[in-house]
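Participant: I have a structure here, written as structure tokens, and I will follow up with some questions on it.
The values are calculated or read from the model by the stated rules, or taken from the named source; none is laboratory data. The structure displayed is predicted, hence computed values, not measured ones. Cβ sites come from the backbone with ideal geometry, for glycine too, and all protein chains shown count toward neighbours. Accessible surface is based on the protein model in full, side chains and every heavy atom, while ligands, DNA and RNA are left aside. Shrake-Rupley method; radii C 1.70, N 1.55, O 1.52, S 1.80 Å.
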Amino acid sequence: MEQFTGRVWVLGDDIDTDIIIPTEYLALKTIEDMKQYGFSPLRPELAGQIQPGDIIVAGKNFGCGSSREQAPEVVKALGIRCVIAKSFARIFFRNSINNGLLLIEQPDLHDHVKEGDTITVTVNQDVDHNGEKYPIASLPDNLVEILNAGGLVKAMQKRNGIHK
Amino acid sequence: MGMTIAEKIIALAAGVPEVKAGDIHTVNLDRMMSNDGTTHLTVDMYHNKLKHPHIADPKKMVFIVDHNVPSDSPKTAASQKKMRDFAREHNIDFWEGKGVCHQIMMENYVRPGELIFGADSHTCTYGALGAFGTGVGCTDLLYGMVTGTSWVLVPETVKFNLVGKLPEGVYPRDLMLTIIGEIGANGVNYQVMEFTGEGTKTLSVNDRMVLCNLAVEAGAKTAIFQADEIALEYLRERGREPKAVFESDPDAVYAREYTFDLSKIQPVAARPDFVDDVVPAKEVCGVRIDEAFLGSCNNGRIDDLRVGAKILKGHKVSDHVRFLVVPASQEVYLQAMKEGLIEIFMESGAIVMNPNCSVCWGSCQGVIGENEVLISTGTRNFKGRAGHPSSKVYLGSSATVTASAIKGEICTADQL
């Protein structure tokens, strides 16, 4: 079973897509240009502090708001390994899978974890926080295929033997 | 087992006799809409990532430039050019400067019974005509454009039984904010809001659009009304026929039911920075404002301009307020001109803009500065949504917004 360990950043409820990437930066040419502004209305310093492999743990309704696909792309470009939240907004959920960003729903972890803590995720099984194990649901095979390929387009390319 | 309207539309699109909540189906999409918020990304993926790029059926596609109109920088000009060139090359219906995408879709395309994907979260608006419209990202849109299909997880339906009639001076906007305040910003996450009951007969298609449009702010996959005589009349006036007219079966399964008595609804406002932080409007009266916005896919229709103009007539916009009035489409704009509404707005000191998303999406027009306060009929009041991260957005009805523009502070029309 795939397993990874990461440092935690804790965010609250209703983290919307305008917080994840504000409208004014959407005109920038690439996601790499945009990512420094990730979460800037809420925590302007956060994008500079996130290290590859870090994990975001949030409250309910993460990703609510607009359908802008730049939101999950920015989270992924910042190096976030996965987002664990009490719940996700539906358009963001689908966009994240389509861009290869792993999302995990877990109702209790958020109430117990502190920023800077380290957690270990065993995919399709549980999240381990200081020995306390929080169960997580398993993902259907078709979503695993998309996530492992790095997104829907890449998964389709792989399935069709295209290298582009 | 009986089905809801939403389930019947998915079953038809999937070519199966029956679906139930939780099933995953491959569906044929009736229509796809994409705007200048993300179309350039879809076009880039189309050119760069596909081995055999093609479009399943260009007649199903509609491209609409509405987010930054006219373009405000060389960057947006370039991304809009990409979209325009692509639409022309592929014979895709292309609209520019004619209105907010959902208004254009309702005026010209949407038919009862259709399953429509839009690369915009407020695509749920189309339920006002008994269609299943839902917002997706640009990757899902690309997949739909290339294959003509997509997959959907059949959502549960939640019934909203509406009884009674809204009191004078209270609007569908107040009703929908009240509902969202009660159920919360993810109160119907991945569910369908079905509006039903005798109260729906008091609501025009324009009113129904207000309700359906904001459904995503409660997390809904979409919202829907039965296409009744009121909806069919709207279609007939525009020379369109329904794809299919469905009603929910008596034994259809609902996840939950709510009842709202329209006669009990009062003017409300959503406070910064959450759409579900809803309070009676009188609780926020007196908050000084810098800008007021009457427009958007939620409240930029002729009904809203009539309400605003009626309140504004004989008054002046406060000298410290910019009052932006933005008709949702050219059809609305022309109608407002014929009725003399534009004259009233301009003589009172409002700034009347061309149809577009304007400050609702906080990019090209009317962006607010540090610590400024906006009262808006736009769709969202997230932190920084309309400009600087320290600025604040309150949401209210056309009447409350217009009254506030006159007073220079938040104010309901009856207190003016």
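Participant: Please state the relative contact order of chain B as a whole percent: Cα pairs under 8 Å, 6+ residues apart? Each step should come with its number before you reach the end.
Facilitator: On the way: 1045 pairs, mean separation 72.5, N = 416.
It comes to 17 percent, rounded to a whole number.
Participant: If the elastic network links every pair of Cα atoms under 10 Å, which of B:346, B:33, B:176 fluctuates the most in the Gaussian network model of chain B?
Facilitator: With Cα springs under 10 Å in chain B, the top fluctuation among B:346, B:33, B:176 is at B:346.
Participant: With 18 Å as the limit, write out which pairs from B:98/B:383; A:76/A:114; B:201/B:243; A:86/B:20; B:60/B:243 have Cα-Cα distances beyond it, or answer none. Show your work: numbers first, answer last.
Facilitator: Numbers: B:98/B:383 29 Å; A:76/A:114 22 Å; B:201/B:243 22 Å; A:86/B:20 26 Å; B:60/B:243 14 Å.
As for pairs spanning more than 18 Å Cα to Cα, those are B:98/B:383; A:76/A:114; B:201/B:243; A:86/B:20.
Participant: On to the next question. Sort B:71, B:358 by accessible area with a 1.4 Å probe, largest first.
Facilitator: Sorted by accessible area, descending: B:71, B:358.
Participant: I would also like to ask the following. Report relative contact order for the range A:1-143 in percent, whole number only (criteria: Cα-Cα under 8 Å, sequence separation at least 6).
Facilitator: Numbers: 303 pairs, mean separation 38.5, N = 143.
Taking the mean separation of contacting Cα pairs over the length of the range A:1-143, I get 27 percent.
Participant: If you take every DSSP beta bridge fully contained in the protein assembly as shown, what fraction is antiparallel? Give it as a percent rounded to 5. Spell out each step's value before the answer.
Facilitator: Working: 24 of 84 bridges.
So the antiparallel bridges in the protein assembly as shown amount to around 30 percent.
Participant: Please list the non-local residues whose amide H lies under 5 Å from the amide H of residue B:323, H modeled 1.01 Å from N, same-chain partners needing a gap of 5 or more.
Facilitator: Amide H neighbours of residue B:323, under 5 Å, 5+ apart: B:292, B:351.
Participant: Here's a follow-up. Suppose we take every Cα in the range A:1-119 and form the convex hull; what volume per residue is that in Å³? Kindly include the intermediate steps, with their values, before the conclusion.
Facilitator: Numbers: hull volume 11.5 nm³, N = 119.
Measuring per residue, one finds 96 Å³ for the Cα hull of the range A:1-119.
Participant: In whole Å, what three semi-axes, largest first, describe the equivalent ellipsoid of the range B:1-159 built from its Cα gyration tensor (square root of 5 times each eigenvalue)? Mind showing how you got there, number by number?
Facilitator: Numbers: eigenvalues 164, 61, 29 Å².
Working through the eigenvalues yields semi-axes of 29, 17, 12 Å.
Participant: What FRET efficiency would be calculated for the residue pair residue B:54, residue A:158, taking the C-beta separation as r and a Förster radius of 25 Å, to the nearest 0.05?
Facilitator: Values: r = 20 Å, r/R0 = 0.80.
Calculated transfer efficiency: 0.80.
Participant: Another one. Based on the Cα gyration tensor of the range A:57-164, what are the three equivalent ellipsoid semi-axes, each the root of five times an eigenvalue, rounded to whole Å and given largest first?
Facilitator: Numbers: eigenvalues 129, 52, 28 Å².
Gyration-tensor ellipsoid for the range A:57-164: 25, 16, 12 Å.
Participant: Same structure, new question: Please list B:92, B:24 in order of solvent-accessible area, largest first, computed with a 1.4 Å probe with all protein chains present. Show your work: numbers first, answer last.
Facilitator: Working: B:92 10, B:24 105 Å².
Of B:92, B:24, the descending order of accessible area is B:24, B:92.
Participant: When only Cα pairs under 8 Å and 6 or more residues apart are kept, what is the percent relative contact order across the range B:1-93? Numbers along the way, then the final one.
Facilitator: Working: 83 pairs, mean separation 24.8, N = 93.
Computed over the range B:1-93, the figure is 27 percent.
Participant: Next question. Taking all protein chains together and a probe of 1.4 Å, list B:353, B:105 from the most accessible to the least accessible. Don't skip to the end; give the middle numbers.
Facilitator: Numbers: B:353 45, B:105 0 Å².
Solvent-accessible surface, decreasing: B:353, B:105.
Participant: To the nearest 10 square angstrom, how much accessible area does residue B:259 have with a 1.4 angstrom probe?
Facilitator: Approximately 90 Å² for this residue.
Participant: Using a ≥ b ≥ c from the Cα gyration tensor of the range B:91-229 (square roots of the eigenvalues), is it rounded, prolate or oblate, where a/c under 1.5 gives rounded and otherwise the larger of a/b and b/c decides, a/b for prolate?
Facilitator: Details: a/c = 1.92, a/b = 1.48, b/c = 1.30.
Taking the square roots of the gyration eigenvalues as a ≥ b ≥ c, the range B:91-229 is prolate.
Participant: Taking θ = phi - 60°, what integer Hz values does the Karplus form 6.51 cos²θ - 1.76 cosθ + 1.60 yield along the range A:97-102, in sequence order, with x for Gly and Pro?
Facilitator: 4, 5, 10, x, 9, 6
Participant: Round to the nearest 10 and report in Å² the accessible area of residue A:138, as given by a 1.4 Å probe over the protein chains' heavy atoms.
Facilitator: Approximately 80 Å² of residue A:138 is accessible to the 1.4 Å probe.
Participant: I need the phi-derived Karplus couplings for the range B:190-195: 6.51 cos²θ - 1.76 cosθ + 1.60, θ = phi - 60°, integer Hz, Gly and Pro marked x.
Facilitator: 6, 10, 9, 8, 9, 8
Participant: Give the lysines whose C-alpha is closer than 17 Å to that of residue B:338, dropping any in the same chain fewer than 8 places away, or say none.
Facilitator: By straight Cα distance, residue B:338 reaches B:310, B:313.
Participant: For a quick check of understanding: with a 1.4 angstrom probe and all protein chains in place, what accessible area in square angstrom does residue A:45 have, to the nearest ten?
Facilitator: Accessible surface of residue A:45 is approximately 80 Å².
Participant: Count the net charge of all other residues whose Cβ sits under 15 Å from the Cβ of residue B:407, scoring Lys and Arg as +1 and Asp and Glu as -1.
Facilitator: Values: positive: B:282, B:288, B:316, B:322; negative: B:290, B:291, B:319, B:409, B:414.
Within the 15 Å Cβ shell, the charges total -1.
Participant: Roughly speaking, what % of Cα-Cα pairs in the range B:84-153 are separated by over 16 Å, rounded to a whole number? Write out the running numbers ahead of the final one.
Facilitator: On the way: 1296 of 2415 pairs.
Value for the range B:84-153 (Cα pairs over 16 Å): 54 percent.
Participant: Mind listing the long-range amide H neighbours of residue B:387? Cut-off is under 5 Å, sequence gap 5 or more, other chains count too, H placed in the peptide plane at 1.01 Å from N.
Facilitator: Sorted by chain and number, the residues that satisfy this are B:368.
Participant: Only Lys, Arg, Asp and Glu count, each charged at its Cβ (+1, +1, -1, -1), so figure out the dipole size of chain B about its Cα centre, rounded to 20 debye.
Facilitator: Details: 41 positive and 52 negative charges, 147 e Å.
Here the size comes out at about 700 debye.
Participant: Classify the protein assembly as shown from the C-alpha gyration tensor, please: rounded if a/c falls under 1.5, else prolate or oblate depending on whether a/b exceeds b/c.
Facilitator: Numbers: a/c = 1.43, a/b = 1.28, b/c = 1.12.
It comes out rounded by the Cα gyration axes.
Participant: If you don't mind, there's one more thing I want to ask. Restricting to DSSP H runs of at least four residues, report the calculated mean residue ellipticity at 222 nm for chain B, -39500 (n - 2.57) per run over all residues, nearest 500 deg cm²/dmol. Intermediate results must be reported in sequence, preceding the final value.
Facilitator: On the way: 13 runs with 126 residues, N = 416.
Rounded to the nearest 500, it is -9000 deg cm²/dmol.
Participant: For the range B:357-416 and the range A:61-100, what is the centre-to-centre distance using only Cα atoms, to the nearest Å?
Facilitator: If you average the Cα positions of each part, the centres end up 27 Å apart.
Participant: First obtain the Kirkwood hydrodynamic radius of chain B from its Cα pairs, then insert it into the Stokes-Einstein equation at 20 °C and 1.002 mPa s, and state the resulting D in µm² per second as a whole number. All intermediate terms of the calculation are to be shown ahead of the outcome.
Facilitator: Working: Rh = 21.4 Å.
Rounded, D is 100 µm²/s.
Participant: Residue by residue through the range B:93-109, which ³J(HN,Hα) values in whole Hz follow from phi under the Karplus form 6.51 cos²θ - 1.76 cosθ + 1.60 (θ = phi - 60°), with glycine and proline marked x?
Facilitator: So the J values, rounded to whole Hz, are 4, 10, 10, 9, x, 8, x, 5, 3, 6, 5, 4, 5, 5, 5, 10, 10.
Participant: Report for chain B the percent antiparallel among DSSP-assigned beta bridges with both residues inside it, nearest 5.
Facilitator: Beta bridges within chain B, antiparallel portion: roughly 20 percent.
Participant: With the Cα gyration tensor of the range B:25-114 giving a ≥ b ≥ c as the square roots of its eigenvalues, does the rule (a/c under 1.5 for rounded; else a/b larger than b/c for prolate; else oblate) give rounded, prolate or oblate?
Facilitator: On the way: a/c = 2.12, a/b = 1.12, b/c = 1.89.
Oblate is the answer for the range B:25-114, as a/c is 1.5 or above yet b/c matches or exceeds a/b.
Participant: If you average the C-alpha positions of the range A:117-152 and of the range A:1-60 separately, how far apart do those two centres end up, in angstrom?
Facilitator: Centre-to-centre (Cα) distance: 19 Å.
Participant: Just going by the charge dipole of chain B, with Lys and Arg at +1 and Asp and Glu at -1 on Cβ, which of B:362, B:86, B:235 is farthest out on the positive end?
Facilitator: Projecting each Cα onto the dipole axis, the largest value belongs to B:86.
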